[in-house]
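Read-outs: derived from the displayed coordinates by stated rules, not from any lab. Just so we're clear, the structure is a prediction, and the values are computed from it rather than from any experiment. Cβ: placed from backbone, ideal geometry, glycine included. Neighbour counts: every protein chain shown.
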Amino acid sequence: MPRRRRGPIVVRRLFPRAGDPVVVLITRPGEPGRQLATRLHALGQAALWWPAFDLSPPVDPQRVRDCITHLGGFDLVVFVSPMAVNAFAGALAGAPWPDTTRVAGVGSATVRALVDALGLGDGGSIIGPAGKETADGGAEALWPALAALQPAPRRVLIVRAQAGRDWLGGQLRAGGAEVKELEAYRRDTHEPTPQEWDRLSGALGPGTARALAVLFSSTEAVGVLTPALAAAGLGPQRAGAVALCVHERIAEAAAAAGWPDVRRCEPRAEAIVGALAGPAGVADDPAGPLYKSAGPRPDSVA
């Protein structure tokens, strides 16, 4: 008698098994992204640094210097990313931080940058997201700490790139604060060179021999890279395609953009390797949401 099958045959896995050959595309711009790719290589994981954006100085550096001159006139300065901290620190050039001006950072990496680049204590005096579970939850995770400040800040400076989400500024304005946004650096869409495309194609190998996992660190990166990868046949439609997202809002954007397997993952090499091991390997957020899209939809990009 023929052997009875115990379950349905899986024709194509959405997520590679542990040990499957996977190439991780690190889209985080700047030196943090480059270092993350290097760390993955050291752990034996194939990875390429493929920044979604190029970082450059602001159009008006004098405006940054003017803000620094009047820094004591702000009740609160909010930095949205490590890049914002580093760009501001370069212009600050070691000048003392005003005692009356509180400082906040969006995400744990930004708080660490404030300690390292600006020398603001050991992090205890820096306002950041409360709790490990919200450490990389974006502006929404920081907002409860800002909303609880007493007295409430009346003049706020947000240090950022030339464009981005205005959610946090909107919340502060709704609470009666006067908000000024400072372009401390520029973030422009990266145009991959033919050599970069060749390296990516070579890393993936012929046909669908290797799966592609993309680490997204912003919703803007999802919108920029998804159509470019899809046009080259390397996007959501590729067998085994995975989107690793540093927080829930980005994961929702990736699912809406058609990525078939979307997972939450901290932007650390060890967390990425754990996530690629499969569901049991997601140690950073074992109860975190898993998003399954209805299938590849390259024409539906967040």
Give the long-range amide H neighbours of Val246: residues separated by 5 or more places, or on another chain, with amide H under 5 Å away, using H modelled in the peptide plane at 1.01 Å from N.
Phe216, Cys265
Quick one: what are the phi-derived ³J(HN,Hα) couplings along the stretch 96-112, Karplus 6.51/-1.76/1.60 with θ = phi - 60°, whole Hz, x for glycine and proline?
x, 7, x, 5, 8, 9, 6, 9, 9, x, 7, x, 5, 5, 5, 4, 4
Can you give me the distance in nm between label points at Ala239 and Ala147, each placed 7 Å from the Cα along the Cα-to-Cβ direction?
4.8 nm
Relative contact order for the stretch 57-183: what percent, with Cα pairs under 8 Å and sequence separation of 6 or more?
27 percent
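Using the Cα centre of the stretch 57-183 as the reference point, and only Cβ charges (+1 on K/R, -1 on D/E), how large is the resulting charge dipole? Debye, rounded to the nearest 20.
For the stretch 57-183, the charge dipole is close to 140 debye.
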